[in-house]
Amino acid sequence: MDIYTATIAASIIVYIAIGNYAGRGVKQLDDYYVAGRRAPTLIILGTLVASVMSSTMFLGEAGFAYETQAGPYVLFPQAACAGYVIGAIFFGRYLRRSRATTVAAFFGARFNSPRVQAIAGITIILALGGYLLAVTQGAAILLSQLSDLSYIEGLVVAWLSYTMFTMYSGSRGVILTDTLMFLLFTVASVGAIVYLVDDLGGWPTIIEGLVAIESKQDLMSWHGIIGPGTDWPTATDYLIWAIVIDVSWMIVYAVSPWQSSRHLMAKNEHVVLRASCLACLAVALLQVMVYGMGGVINLGNAEIVPAESATIWASLNMLPKFLGALMLAGIMAAILSSASTFLSLVGFSASNDIGIHKSNDEMKTLRFSRLMMLVIGIMALIAALVFPPQIFWLTTFIATVFASSWGPVGLMSIWSKRITESAAFWGMLTGLVFNIVPKFFEFIGMLYLPSYLNPVIIGAVASLVVTIAVSRRTEVSREEKAYLRKLHERPEDEVDVRKTKTTLIAPALLIVNGLVMPTLLAVYYVLPYQRATGTLLGDGSLDWATGEMGLLISWGVIWISLGVFAIYYIRKAYSPVRQGDDRMHGQNLE
């Protein structure tokens, strides 16, 4: 067994051991579903980041950057990550107040409706079941390329790796292993990019080398490779597509179950806010590193097929053995962390949200939940054996389902006193259908949609229109009014000057990022890029009238604004003197 396989095998054994140890502490449903609601900031940060950094990021999106879009993927301000902060402020902290067991259960309680809970649960099963399929296939690709295992054998090994501890320990095991995995792939990613940059002569030299690759002209431009043979005829088409995807992921980070459900496990609302701000920053910086590494790999080999294996190739051929082994173990950790999260959420919804099991006996419900998790896992394994892997496009499509199906209803469930049970049900269903159906026909080639009519836009608009229209024709029940009013009653134990001062450090770091990143990008990216392409001004200064500079400036605008807004809102919401938004909104609901 070589060092690469041995390192991955050792890490998997550690995860299984920790997961099974955590499983011994599961004594009741709250332990299994929401980890006892006692998780501190580091644990919530770890599970938020680990559940999103999967094979999609390290294989799919890194491969996409490697193949065609390194420039825009690094330069774009990662605005989608703002969804963490927006979601925590406007959705996550209220979700925690509800003390629901799942996000779908929250919707059921909010609208006093089993059918709303069921449609939310079905959406989780369909979408995250597909996501589970993608990350399992990503793990199988990694294992089959590193060992003597076939792709099918790799699928079985990967499936067993995350199923063994997830089924037994539930959320307790998932969030502990997630945090360990988060630390591992973060250290590995930082180490890999630092080594590659140093080994290849620094960023200016790297940028000049990438610009010189004839077979990938425009790889490092602000719009990447576009035109004939791509999905984007013009730079404008790519820009529209990128903005739509960014906004979609912003909503996903804000309300999707595999992100917002982590808030149910937090020790208090300050943990929700701190962890979300830090996750926003961590995910953005990790994305820049991973996408940048995807581009850099071209200097080692510009003809890797399939592109999704680029980071695997680089770990084996461009990094020292120990660092390469650590990087591969980090990739596997990212994959397994997401897989365990998706399996747990799908299993929870199958057993708790869609109405197939009803019992007041907690131990019977716990046993049934574990059984359903096993059944769901077996179904995912069978699907992974049947369908060929399409990691990047499959996960991009699946994740945005929540933007259209849950986005409008999720935010309105907190901030609208007029949304009704019928509106929530039909809004969710409409958003789901009007996203999936156009995307399916587009996928099989029977429909072509321009960038501004992306199915996620169609679904979100349809969901919002239906939600508003049905709300106007139906009545809000007394139970719905009472539940919403209760959500907006600020818990007095959350009003703590010391806690608030500590919490404000996290959004302050967002402002720092908005000040530092544009400078770093200007010096180490845009300047060498314009020098290599001959687009500097006559006096050798930067040409500000370019797409690269526009994206660079947007870093500062978005991140500074986000940090300032978060500081303002946190101080307003938890001030011991002022009543804050919660109490005032509650009065308006009378």
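The values are calculated or read from the model by the stated rules, or taken from the named source; none is laboratory data. In this text the structure is predicted, and so the values were computed from the model without any measurement. When we count neighbours, we look across all protein chains shown, and the Cβ atoms used for this are built from the backbone with ideal geometry, even at glycine. When the accessible area is computed, the model is the full protein with side chains, heavy atoms only, and any ligands, DNA or RNA have been set aside. Shrake-Rupley method; radii C 1.70, N 1.55, O 1.52, S 1.80 Å.
Rounded, prolate or oblate: pick one for the stretch 11-96, where a ≥ b ≥ c are the square roots of the eigenvalues of its C-alpha gyration tensor, a/c under 1.5 means rounded, and failing that, prolate if a/b is larger than b/c, else oblate. Taking the square roots of the gyration eigenvalues as a ≥ b ≥ c, the stretch 11-96 is oblate. On a per residue basis, the stretch 76-202 carries 28 Å² of accessible surface, using protein heavy atoms and a 1.4 Å probe. With 0.36 nm allotted per residue and the present C-alpha distance subtracted, the residue 508-residue 3 stretch has 177.7 nm of extension available. When shorter helices are ignored and each DSSP H run of at least 4 residues is given -39500 (n - 2.57), the per-residue value for the chain at 222 nm works out to -23500 deg cm²/dmol.
What's the FRET efficiency of residue 554 with residue 198 using the Cβ-Cβ distance as r and R₀ = 35 Å, to the nearest 0.05? E(calc), rounded to 0.05, equals 0.75. In this structure the stretch 436-590 gives 56 Å² per residue of accessible area when probed at 1.4 Å with all protein chains present. Once all protein chains are placed together, residue 505 keeps about 100 Å² accessible to a 1.4 angstrom probe.
Counting Lys and Arg as +1 and Asp and Glu as -1 over every other residue whose Cβ lies under 15 Å from the Cβ of residue 240, the net charge comes to -3. Most tightly packed first, judged by the mean number of other beta-carbon atoms within 10 Å of their residues, the peptides 561-570, 18-27, 337-346, 404-413 read 337-346, 404-413, 561-570, 18-27.
Tell me, what % of the accessible area of the chain is carbon and sulfur with a 1.4 angstrom probe? Its accessible area is 65 percent carbon and sulfur atoms. Among 257-266, 178-187, sorting by the average number of other beta carbon atoms lying within 10 angstrom of each residue, highest first, gives 257-266, 178-187.
Would you mind working out the magnitude of the charge dipole of the chain relative to its Cα centre, with +1 at each Lys and Arg C-beta and -1 at each Asp and Glu C-beta, to the nearest 20 Debye?
Computed charge dipole of the chain: roughly 2680 debye.
Annotation: lysines with alpha-carbon distance below 18 angstrom to residue 486 (same-chain offsets under eight excluded): 417.
Rounded to the nearest 20, the size of the Cβ-charge dipole of the stretch 199-297 about its Cα centre is 560 debye, with Lys and Arg at +1 and Asp and Glu at -1. Computed over Cα pairs, the Kirkwood radius of the chain leads via Stokes-Einstein (0.890 mPa s, 25 °C) to a diffusion coefficient of 101 µm² per second. Normalised per residue, the accessible area of the stretch 206-283 is 31 Å², obtained with a 1.4 Å probe and no contribution from ligands, DNA or RNA. What does the charge count near residue 101 come to, summing +1 for each Lys or Arg and -1 for each Asp or Glu among other residues with Cβ under 13 Å from its Cβ? Summing Lys and Arg as +1 and Asp and Glu as -1 gives -1. The label-point distance for residue 536 and residue 452, in a model that sets each label 7 Å from Cα toward Cβ, rounds to 3.8 nm. The overall shape of the stretch 455-550, judged from the alpha-carbon gyration tensor, is oblate: a/c is not under 1.5, and a/b is no greater than b/c. With each label modelled as a point 7 angstrom along the Cα→C-beta vector, the residue 212-residue 469 pair spans 6.0 nm. Note on the stretch 92-142 and the stretch 441-485: Cα centroid distance 18 Å, given to the nearest whole angstrom.
Straight-line reach from residue 216: taking Cα to Cα under 12 Å and skipping same-chain neighbours fewer than 8 places apart, the aspartates and glutamates in range are 67, 303.
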